[in-house]
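Quick note: the coordinates plus some simple rules give every number you see, no bench work behind them. In this text the structure is predicted, and so the values were computed from the model without any measurement. Counting neighbours? That spans all protein chains shown, and the Cβs are built from the backbone with ideal geometry, glycine included.
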Amino acid sequence: MEKSLLHRYLLTKNPRNKSYRFSPIIVELLHLVAEVPRDIIAETKIFSRSATRYIPFYPSDKGGGAITLGSDSWQSITFTENFFSTDQELFKGRAYANDLNSWLRLAAHEAGHLHHATRYKFLIIYLIVFAYQYLRYGHDAAPLEIEAELGNTKLKQFQAYLHRHQGPQYLYQLITSNEEESEKINRLKALWSSYQAYNRTNHA
């Protein structure tokens, strides 16, 4: 059976356990949009929700979601199982293993939470701050959620720039090309530099 886009281009499997890590091109992209150090993103373990790793609680057939946990010494992101599946019937049209955009946008948001894991140093403090903010402001209005969403916002702005200047499928084509990862990363860095120069010129 042919591998999904997820397993071919976005993640690399750890053969010793059930975890994954982001591929080099995705590490670079998340570093640029979420402003998280590359080494932290590269070392973050990615999981599919399971019986033993049962959070987040979002229903998969309604789109699912993800949760980032960690400290200053370890980080993980657990996505609901529909993000790892191509079975559209099972997940009512919300199986995202071949949906590059859905993966990138949620990953860009969750990468923002990696800042919080390292900032608060200990998982218990990280969770207490989140719980307090969710109770006081609600999920979407919690300051840490707003901060994390900046990564997704920057990703969408970058995608809009590429759509206008390179074509609507350019980022997809770059990530899924057969070039070496190092060449993809060099092209991405050059595009990001052009994007930043464009923003400076047009927002001066």
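Assorted remarks:
- Simple rule: put +1 on each Lys or Arg Cβ and -1 on each Asp or Glu Cβ in segment 15-83, find the dipole, and look at S23, I46, A34; the Cα lying farthest toward the positive end is I46.
- Of A108, A97, A34, the residue with the greatest mean-square motion in the GNM of the chain, using alpha carbon springs below 10 Å, is A97.
- The value obtained for segment 87-140, namely the Cα convex hull volume divided by the number of residues, is 121 Å³ per residue.
- Distance in nm between pseudo-label sites at N178 and V129 (7 Å out along the Cβ direction from Cα): 4.6
- Spatially proximal aspartates and glutamates relative to K184 (Cα-Cα < 13 Å; intrachain offsets below 8 disregarded): E28
- Based on DSSP H segments of at least four residues, each scored -39500 (n - 2.57), the chain has a per-residue ellipticity at 222 nm of -16500 deg cm²/dmol.
- The distance separating the Cα centre of segment 151-183 from that of segment 1-42 comes to 16 Å.
- Violating pairs (Cα-Cα greater than 27 angstrom) within the set K18/K62; K121/K156; K3/K92; K62/K189: K121/K156; K62/K189
- Normalised by the number of residues in segment 5-202, the average gap of Cα pairs under 8 Å and 6 or more apart makes the relative contact order 20 percent.
- Computing percent of Cα pairs over 25 Å apart for the structure here picks out one of (1) 41; (2) 31; (3) 38, namely (3).
- When you restrict to C-alpha pairs under 8 Å that are six or more residues apart and normalise by the size of segment 20-127, the relative contact order lands at 27 percent.
- Rounded to the nearest 5, the antiparallel percentage of DSSP beta bridges internal to the chain is 70%.
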